[in-house]
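No value in this document is a laboratory result; all are computed from the given coordinates. Since this is a predicted model, take the numbers as computed values, not measurements. Ideal geometry is used to build each Cβ from the backbone, glycine not excepted, and the neighbour counts take in all protein chains shown.
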Amino acid sequence: MNATIAKLALQALLGRRRFFLLLAFPVLLVGLVALVTALTDGEAAFELLPGLGYPLVLPLVAILAASSVLGPEVDDGSIVYLLAKPVNRYAVAFSKWLVALAATLAAGSLPILLAALLTGDAGRAWALFVGAVVAGTAYSALFLAISAVTRHAVIASLMFVLIWESLLGNLFTGIAWLSIGQWGLRVGHELSDQLPDPASLPWAIGASLVVTVVGVWFAGDRLRSFTLRGED
């Protein structure tokens, strides 16, 4: 990890309008769960979290975080000035991923825990949180890789989330084997059987690790192949 790169990435994340969107999604999620809990009961409110928090709010937060720490530099070409320095490209990618991961966990996974606690069952709330950490880790690495490969990273990532994770993931149970959000839910199921059990545990853990490692490695490899003209 390079502390200077991480600091620059954090400044880029906090200094953009996307930061306010990053906060808006978790606030809306917690507020919605609190409202449903007050109007109905905790059970009805809890159903919103695996159905809305995992396939939509968590990946949206990860998209904003990953695209903010790397995407703007790719868009305006300033990434080439950073890459002209004698800094290991994989260290750059890893440092930026750590910042994106921290933002994803703070603004995505932690609000899911807070919202789940509002429903009244601490056991399943912590299970949901552990699963959200697993899913958020993989999401941040995947979207960082997408940000390194295209100037339209936000659009490409949104297409993945809305079509694959949300739409098809809810229509076809077989998609769970290839859904990051479902992998997280499967890990959480080990701590609370009130969470869905969409895939096998070894697969969920292994697939999450592969996506995380390959995503960060690919981002570094992509940065390594950048030319000084910033072509992508």
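At a glance:
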| read-out | value |
| --- | --- |
| Förster radius 22 Å - calculated FRET efficiency between residue 24 and residue 47, Cβ distance, rounded to 0.05 | 0.50 |
| Order by protection proxy (mean Cβ within 10 Å, highest first), peptides 93-106, 25-38 | 93-106, 25-38 |
| Relative packing of 125-138, 44-57, 191-204, which averages over residues the other C-beta atoms within 10 Å, highest first | 125-138, 44-57, 191-204 |
